[in-house]
Amino acid sequence: MDQFLRRLQISFTILIIVVIIGTGGFKLIGGHRTSLTDAFYMTMITITTIGYGEVIRLEGNPVGRIFAVFIALSGIGSFTYILTNLTAFAVGDQLFKTLRRKKMEKEIANLKDHYIICGVGDIGMHIARELEATNRKFVLIDKQGPELSGSDFDFLFLQGDATNEEILEKASIHNSLGIFAVTGDDNYNLVITFTARTMRQDIKIISKCREVTHLEKMKKAGADSVIAPNIIGGLRMVSLMIRPTVVSFLDTMLRDKEQSLRVEEITLGHQSDGKTVKELNINKYESTLLLAVKTGDDYKFNPSGLYKVREDDVLVIMASPQAREELIKRLGDIIKTS
(Lines give C-alpha, C1' and ligand atoms only; values in the text may rest on other atoms or scores of the structure.)
Protein backbone atom coordinates (compact mmCIF):
# COMPACT_ATOMS: atom_id res chain seq x y z
CA MET A 1 0.00 0.00 0.00
CA ASP A 2 2.77 2.45 0.91
CA GLN A 3 4.64 1.61 -2.30
CA PHE A 4 1.50 2.18 -4.36
CA LEU A 5 0.87 5.58 -2.74
CA ARG A 6 4.49 6.55 -3.32
CA ARG A 7 4.25 5.68 -7.04
CA LEU A 8 0.96 7.55 -7.32
CA GLN A 9 2.45 10.59 -5.61
CA ILE A 10 5.42 10.60 -7.99
CA SER A 11 3.22 10.27 -11.09
CA PHE A 12 0.89 13.10 -9.99
CA THR A 13 3.91 15.28 -9.20
CA ILE A 14 5.30 14.70 -12.70
CA LEU A 15 1.90 15.49 -14.23
CA ILE A 16 1.63 18.75 -12.27
CA ILE A 17 5.15 19.74 -13.37
CA VAL A 18 4.23 19.00 -17.02
CA VAL A 19 1.08 21.16 -16.69
CA ILE A 20 3.08 24.04 -15.17
CA ILE A 21 5.78 23.83 -17.86
CA GLY A 22 3.14 23.54 -20.59
CA THR A 23 1.15 26.53 -19.32
CA GLY A 24 4.28 28.66 -19.06
CA GLY A 25 5.58 27.53 -22.45
CA PHE A 26 2.35 28.16 -24.33
CA LYS A 27 2.07 31.55 -22.63
CA LEU A 28 5.51 32.48 -24.06
CA ILE A 29 4.70 31.02 -27.47
CA GLY A 30 1.39 32.83 -27.68
CA GLY A 31 2.82 36.15 -26.63
CA HIS A 32 1.19 38.97 -24.70
CA ARG A 33 -2.23 38.34 -26.27
CA THR A 34 -2.42 34.87 -24.70
CA SER A 35 -3.84 34.68 -21.18
CA LEU A 36 -2.80 32.10 -18.58
CA THR A 37 -6.25 30.54 -18.92
CA ASP A 38 -5.73 30.06 -22.66
CA ALA A 39 -2.25 28.61 -22.05
CA PHE A 40 -3.59 26.22 -19.41
CA TYR A 41 -6.45 25.18 -21.72
CA MET A 42 -3.99 24.58 -24.55
CA THR A 43 -1.87 22.44 -22.24
CA MET A 44 -4.82 20.33 -21.09
CA ILE A 45 -6.23 19.62 -24.56
CA THR A 46 -2.72 18.69 -25.71
CA ILE A 47 -2.15 16.32 -22.77
CA THR A 48 -5.58 14.71 -22.91
CA THR A 49 -5.65 14.65 -26.75
CA ILE A 50 -9.18 16.06 -26.70
CA GLY A 51 -8.47 18.37 -29.63
CA TYR A 52 -11.38 20.82 -29.36
CA GLY A 53 -9.38 23.40 -31.27
CA GLU A 54 -6.15 25.26 -30.74
CA VAL A 55 -6.55 28.60 -28.98
CA ILE A 56 -2.88 29.32 -29.73
CA ARG A 57 -2.04 29.03 -33.38
CA LEU A 58 1.09 27.01 -34.11
CA GLU A 59 1.13 27.30 -37.93
CA GLY A 60 4.55 28.34 -39.12
CA ASN A 61 5.95 27.92 -35.62
CA PRO A 62 8.19 24.80 -35.58
CA VAL A 63 9.42 25.54 -32.03
CA GLY A 64 5.81 25.74 -30.82
CA ARG A 65 4.93 22.47 -32.50
CA ILE A 66 7.96 20.66 -31.09
CA PHE A 67 7.04 22.00 -27.65
CA ALA A 68 3.44 20.78 -28.10
CA VAL A 69 4.71 17.30 -29.04
CA PHE A 70 6.95 17.27 -25.95
CA ILE A 71 4.03 18.28 -23.68
CA ALA A 72 1.73 15.71 -25.32
CA LEU A 73 4.17 12.83 -24.88
CA SER A 74 5.03 13.83 -21.30
CA GLY A 75 1.39 14.34 -20.30
CA ILE A 76 0.09 11.18 -21.95
CA GLY A 77 2.95 9.22 -20.34
CA SER A 78 2.05 10.61 -16.92
CA PHE A 79 -1.66 9.84 -17.38
CA THR A 80 -0.89 6.32 -18.56
CA TYR A 81 1.38 5.70 -15.58
CA ILE A 82 -1.34 6.89 -13.17
CA LEU A 83 -4.02 4.70 -14.81
CA THR A 84 -1.68 1.70 -14.88
CA ASN A 85 -0.97 2.04 -11.15
CA LEU A 86 -4.66 2.45 -10.30
CA THR A 87 -5.60 -0.59 -12.41
CA ALA A 88 -2.79 -2.72 -10.96
CA PHE A 89 -3.82 -1.75 -7.44
CA ALA A 90 -7.49 -2.57 -8.04
CA VAL A 91 -6.78 -5.92 -9.70
CA GLY A 92 -4.00 -6.85 -7.28
CA ASP A 93 -6.06 -5.96 -4.21
CA GLN A 94 -9.02 -7.99 -5.45
CA LEU A 95 -6.76 -10.93 -6.28
CA PHE A 96 -5.15 -10.75 -2.82
CA LYS A 97 -8.58 -10.76 -1.15
CA THR A 98 -9.75 -13.70 -3.24
CA LEU A 99 -6.64 -15.78 -2.50
CA ARG A 100 -6.77 -14.93 1.20
CA ARG A 101 -10.48 -15.80 1.40
CA LYS A 102 -9.87 -19.19 -0.22
CA LYS A 103 -6.96 -19.83 2.14
CA MET A 104 -9.16 -18.95 5.13
CA GLU A 105 -11.98 -21.20 3.96
CA LYS A 106 -9.53 -24.10 3.65
CA GLU A 107 -8.18 -23.46 7.18
CA ILE A 108 -11.72 -23.18 8.58
CA ALA A 109 -12.76 -26.46 6.93
CA ASN A 110 -9.95 -28.22 8.84
CA LEU A 111 -10.79 -26.67 12.23
CA LYS A 112 -11.68 -28.89 15.21
CA ASP A 113 -12.57 -28.04 18.82
CA HIS A 114 -13.03 -24.39 17.95
CA TYR A 115 -15.63 -21.71 18.64
CA ILE A 116 -17.87 -19.82 16.23
CA ILE A 117 -18.53 -16.12 16.83
CA CYS A 118 -21.56 -14.77 14.95
CA GLY A 119 -21.29 -10.99 14.78
CA VAL A 120 -18.19 -8.82 14.36
CA GLY A 121 -19.27 -5.98 16.64
CA ASP A 122 -17.71 -4.67 19.84
CA ILE A 123 -18.71 -7.74 21.85
CA GLY A 124 -17.74 -10.13 19.08
CA MET A 125 -14.26 -8.61 18.84
CA HIS A 126 -13.81 -8.71 22.64
CA ILE A 127 -14.72 -12.42 22.58
CA ALA A 128 -12.25 -13.00 19.73
CA ARG A 129 -9.41 -11.26 21.57
CA GLU A 130 -10.11 -13.19 24.77
CA LEU A 131 -10.14 -16.51 22.93
CA GLU A 132 -6.91 -15.53 21.20
CA ALA A 133 -5.33 -14.53 24.54
CA THR A 134 -6.21 -17.94 26.00
CA ASN A 135 -5.00 -19.89 22.94
CA ARG A 136 -8.42 -21.06 21.75
CA LYS A 137 -9.30 -21.56 18.10
CA PHE A 138 -12.25 -19.68 16.62
CA VAL A 139 -13.84 -18.34 13.46
CA LEU A 140 -15.87 -15.14 13.01
CA ILE A 141 -19.01 -14.84 10.85
CA ASP A 142 -20.61 -11.56 9.79
CA LYS A 143 -22.80 -10.29 6.95
CA GLN A 144 -20.56 -7.29 6.37
CA GLY A 145 -17.30 -8.09 8.08
CA PRO A 146 -13.99 -6.23 8.07
CA GLU A 147 -11.70 -5.81 5.09
CA LEU A 148 -9.73 -9.04 4.72
CA SER A 149 -6.71 -7.02 3.68
CA GLY A 150 -6.82 -4.86 6.80
CA SER A 151 -3.68 -5.05 8.91
CA ASP A 152 -5.71 -4.71 12.12
CA PHE A 153 -7.74 -7.86 11.43
CA ASP A 154 -5.99 -11.19 11.37
CA PHE A 155 -8.66 -13.68 12.47
CA LEU A 156 -10.29 -16.52 10.55
CA PHE A 157 -13.41 -15.00 9.05
CA LEU A 158 -16.42 -15.95 6.91
CA GLN A 159 -18.60 -13.33 5.28
CA GLY A 160 -22.23 -14.45 5.16
CA ASP A 161 -25.52 -14.90 6.97
CA ALA A 162 -25.04 -16.92 10.18
CA THR A 163 -28.71 -17.97 10.08
CA ASN A 164 -27.89 -19.90 6.90
CA GLU A 165 -27.06 -23.56 7.55
CA GLU A 166 -24.62 -23.58 4.64
CA ILE A 167 -22.54 -20.83 6.28
CA LEU A 168 -22.52 -22.67 9.61
CA GLU A 169 -21.43 -25.81 7.74
CA LYS A 170 -18.55 -23.82 6.23
CA ALA A 171 -17.63 -22.74 9.77
CA SER A 172 -17.30 -26.46 10.67
CA ILE A 173 -20.14 -26.36 13.19
CA HIS A 174 -20.08 -30.15 13.54
CA ASN A 175 -16.47 -30.02 14.78
CA SER A 176 -16.90 -26.97 17.01
CA LEU A 177 -17.23 -26.67 20.78
CA GLY A 178 -19.66 -23.77 20.91
CA ILE A 179 -21.31 -20.78 19.26
CA PHE A 180 -21.59 -17.16 20.34
CA ALA A 181 -24.63 -15.37 18.86
CA VAL A 182 -23.65 -11.76 19.52
CA THR A 183 -24.98 -9.60 16.68
CA GLY A 184 -26.68 -6.30 17.48
CA ASP A 185 -30.15 -7.67 16.67
CA ASP A 186 -32.03 -9.87 19.18
CA ASN A 187 -34.21 -11.42 16.46
CA TYR A 188 -31.14 -12.30 14.41
CA ASN A 189 -29.47 -13.87 17.46
CA LEU A 190 -32.67 -15.82 18.10
CA VAL A 191 -32.67 -17.31 14.58
CA ILE A 192 -28.93 -18.09 14.78
CA THR A 193 -29.53 -19.90 18.08
CA PHE A 194 -32.48 -21.88 16.68
CA THR A 195 -30.59 -22.81 13.49
CA ALA A 196 -27.49 -23.94 15.38
CA ARG A 197 -29.57 -26.00 17.82
CA THR A 198 -31.43 -27.79 15.02
CA MET A 199 -28.10 -28.64 13.39
CA ARG A 200 -26.49 -29.90 16.60
CA GLN A 201 -28.30 -30.80 19.79
CA ASP A 202 -25.10 -31.15 21.83
CA ILE A 203 -23.41 -27.85 20.98
CA LYS A 204 -23.10 -25.11 23.59
CA ILE A 205 -24.73 -21.82 22.58
CA ILE A 206 -24.24 -18.48 24.31
CA SER A 207 -26.51 -15.71 23.04
CA LYS A 208 -26.56 -11.97 23.56
CA CYS A 209 -29.89 -10.30 24.31
CA ARG A 210 -30.52 -6.56 24.62
CA GLU A 211 -34.16 -6.71 25.69
CA VAL A 212 -34.80 -8.49 29.00
CA THR A 213 -38.23 -9.57 27.70
CA HIS A 214 -36.48 -11.73 25.09
CA LEU A 215 -34.41 -13.77 27.57
CA GLU A 216 -36.85 -16.66 27.85
CA LYS A 217 -37.39 -16.77 24.09
CA MET A 218 -33.65 -17.16 23.58
CA LYS A 219 -33.55 -20.08 26.01
CA LYS A 220 -36.55 -21.73 24.37
CA ALA A 221 -34.84 -21.35 20.99
CA GLY A 222 -31.93 -23.41 22.32
CA ALA A 223 -29.47 -21.09 24.05
CA ASP A 224 -27.64 -22.64 27.00
CA SER A 225 -26.97 -19.19 28.45
CA VAL A 226 -28.26 -15.74 27.58
CA ILE A 227 -26.27 -12.62 28.42
CA ALA A 228 -27.88 -9.17 28.72
CA PRO A 229 -25.09 -6.55 28.42
CA ASN A 230 -27.20 -3.93 30.23
CA ILE A 231 -27.57 -6.17 33.29
CA ILE A 232 -23.88 -7.11 33.26
CA GLY A 233 -22.97 -3.44 32.92
CA GLY A 234 -25.14 -2.53 35.91
CA LEU A 235 -23.59 -5.23 38.08
CA ARG A 236 -20.14 -4.08 37.04
CA MET A 237 -20.89 -0.49 38.10
CA VAL A 238 -22.19 -1.65 41.49
CA SER A 239 -19.07 -3.77 41.98
CA LEU A 240 -16.84 -0.79 41.21
CA MET A 241 -18.71 1.20 43.83
CA ILE A 242 -18.78 -1.29 46.71
CA ARG A 243 -15.78 -3.59 46.02
CA PRO A 244 -13.29 -1.59 43.93
CA THR A 245 -10.24 -3.57 45.07
CA VAL A 246 -11.72 -6.85 43.88
CA VAL A 247 -12.63 -5.34 40.50
CA SER A 248 -9.17 -3.82 40.20
CA PHE A 249 -7.60 -7.21 40.99
CA LEU A 250 -9.69 -8.98 38.34
CA ASP A 251 -8.94 -6.29 35.76
CA THR A 252 -5.23 -6.53 36.46
CA MET A 253 -5.39 -10.32 36.23
CA LEU A 254 -7.09 -10.14 32.83
CA ARG A 255 -4.99 -7.33 31.36
CA ASP A 256 -1.54 -8.24 32.62
CA LYS A 257 0.33 -9.26 29.47
CA GLU A 258 3.10 -10.91 31.49
CA GLN A 259 0.85 -13.26 33.49
CA SER A 260 -2.48 -13.18 31.58
CA LEU A 261 -4.16 -15.17 34.36
CA ARG A 262 -7.63 -16.64 33.85
CA VAL A 263 -10.06 -18.71 35.90
CA GLU A 264 -10.24 -21.96 33.90
CA GLU A 265 -11.94 -25.34 34.24
CA ILE A 266 -10.79 -28.87 33.48
CA THR A 267 -13.15 -31.86 33.46
CA LEU A 268 -11.79 -35.13 34.82
CA GLY A 269 -12.26 -38.50 33.10
CA HIS A 270 -12.86 -41.99 34.50
CA GLN A 271 -9.16 -42.65 35.15
CA SER A 272 -9.16 -39.95 37.80
CA ASP A 273 -11.55 -41.90 40.08
CA GLY A 274 -10.13 -42.18 43.59
CA LYS A 275 -7.09 -39.95 42.99
CA THR A 276 -6.31 -37.27 45.55
CA VAL A 277 -5.70 -33.62 44.80
CA LYS A 278 -2.11 -34.13 45.96
CA GLU A 279 -1.63 -36.89 43.37
CA LEU A 280 -2.74 -34.50 40.64
CA ASN A 281 0.26 -32.37 41.61
CA ILE A 282 -1.37 -29.15 40.41
CA ASN A 283 0.65 -26.94 42.73
CA LYS A 284 3.79 -27.90 40.81
CA TYR A 285 3.09 -25.03 38.43
CA GLU A 286 3.84 -21.57 39.77
CA SER A 287 1.13 -19.92 37.67
CA THR A 288 -1.57 -22.41 38.66
CA LEU A 289 -3.84 -22.31 41.70
CA LEU A 290 -6.65 -24.82 42.44
CA LEU A 291 -9.64 -22.79 43.64
CA ALA A 292 -12.34 -25.47 43.87
CA VAL A 293 -13.57 -28.86 42.73
CA LYS A 294 -17.11 -29.11 41.40
CA THR A 295 -18.93 -32.40 41.95
CA GLY A 296 -22.40 -32.35 40.44
CA ASP A 297 -23.91 -29.07 41.64
CA ASP A 298 -21.71 -28.85 44.73
CA TYR A 299 -18.38 -27.06 45.10
CA LYS A 300 -15.51 -27.94 47.41
CA PHE A 301 -13.57 -24.68 47.81
CA ASN A 302 -9.85 -24.82 48.48
CA PRO A 303 -9.76 -28.65 48.77
CA SER A 304 -7.02 -30.24 50.81
CA GLY A 305 -4.39 -32.53 49.31
CA LEU A 306 -6.26 -35.57 50.64
CA TYR A 307 -9.52 -34.69 48.90
CA LYS A 308 -10.47 -37.45 46.41
CA VAL A 309 -11.81 -36.59 42.99
CA ARG A 310 -14.14 -38.56 40.74
CA GLU A 311 -15.02 -38.85 37.07
CA ASP A 312 -16.80 -35.76 35.69
CA ASP A 313 -15.52 -33.61 38.56
CA VAL A 314 -14.51 -30.17 37.32
CA LEU A 315 -11.31 -28.54 38.53
CA VAL A 316 -11.70 -24.77 38.84
CA ILE A 317 -8.22 -23.30 38.57
CA MET A 318 -6.53 -19.95 38.17
CA ALA A 319 -3.79 -20.24 35.59
CA SER A 320 -2.07 -18.60 32.68
CA PRO A 321 -2.94 -20.03 29.23
CA GLN A 322 0.52 -21.60 29.00
CA ALA A 323 0.24 -23.22 32.45
CA ARG A 324 -3.23 -24.52 31.59
CA GLU A 325 -1.91 -26.20 28.43
CA GLU A 326 1.01 -27.70 30.30
CA LEU A 327 -1.34 -29.02 32.99
CA ILE A 328 -3.66 -30.57 30.39
CA LYS A 329 -0.70 -32.28 28.69
CA ARG A 330 0.62 -33.64 32.01
CA LEU A 331 -2.76 -34.89 33.24
CA GLY A 332 -3.24 -36.53 29.84
CA ASP A 333 -5.65 -39.47 29.90
CA ILE A 334 -7.31 -38.63 33.21
CA ILE A 335 -9.10 -35.57 31.81
CA LYS A 336 -11.78 -34.99 29.20
CA THR A 337 -10.69 -32.65 26.42
CA SER A 338 -14.07 -30.95 26.12
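The values are calculated or read from the model by the stated rules, or taken from the named source; none is laboratory data. These numbers were taken from a predicted model, which means no experiment stands behind them. All Cβ positions, even for glycine, are placed from backbone atoms using ideal geometry, and neighbour counts span all protein chains on display.
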Margin query: Residues that are touching a residue at least 60 places away in the same chain (Cβ under 8 Å) and touching a helix residue (DSSP H, G or I) at 6+ places or on another chain (Cβ under 6 Å): does region 272-292 have at least one?
Written below: yes
Check: Is it true that some residue in region 250-258 is surrounded by 13 or more Cβ atoms within 10 Å (Cβ to Cβ) and at pLDDT 85 or above?
Finding: no
Next item on the list: Among the strands (runs of 3 or more DSSP E) lying completely within region 160-269, list those that include at least 2 residues that are among the charged types (D, E, K, R) and assigned by TED's automatic domain parsing to the domain that holds Tyr299.
Entry: 262-268
Next item on the list: Taking the residues in region 1-33 that are of a type in the set (S, T, N, Q) and closer than 22 Å to Thr49 by Cα as candidates, determine which candidate is modelled with the lowest pLDDT.
Entry: Ser11
Notebook entry, point to check: What pairs can you find where one residue is in region 304-329 and in contact (Cβ under 8 Å) with a residue 24 or more places away in the chain and closer than 22 Å to Arg262 by Cα, the other is in a loop (DSSP other than H, G, I, E, B) and among the aliphatic types (A, V, I, L, M), and their Cβ atoms are less than 6 Å apart, with a gap of 6+ or different chains?
Noted result: Met318/Leu261; Ser320/Leu261
Note to self: Please determine whether any residue of region 51-59 is surrounded by fewer than 19 Cβ atoms within 10 Å (Cβ to Cβ) and assigned to a helix (DSSP H, G or I).
What the structure shows: no
Note to self: Out of everything in region 207-225 that is surrounded by 18 or more Cβ atoms within 10 Å (Cβ to Cβ) and touching a strand residue (DSSP E or B) at 6+ places or on another chain (Cβ under 7 Å), what residue ends up being farthest from Ile123 (Cα to Cα)?
What the structure shows: Gly222
Item checked: Answer residue from region 22-39, given it is in contact (Cβ under 8 Å) with a residue 24 or more places away in the chain and touching a Phe, Trp or Tyr at 6+ places or on another chain (Cβ under 9 Å) and is farthest from Gly75 (Cα to Cα) among those -> Ile29
Checklist line | Residue, nearest to the chain's Cα centre (by Cα), within region 87-108, restricted to residues that are at pLDDT 80 or above and under 23 Å from Thr183 (Cα atoms) | finding: Met104
Notebook entry, point to check: Which ones in region 1-48 are touching a Lys or Arg at 6+ places or on another chain (Cβ under 7 Å) and in a helix (DSSP H, G or I)?
Noted result: Leu36, Ala39
Next item on the list: Sort through Val120, Val63 and tell me the only one that's at pLDDT below 85 and either on the phi > 0 side of the Ramachandran plot or not assigned by TED's automatic domain parsing to the domain that holds Leu261 (or both).
Entry: Val63
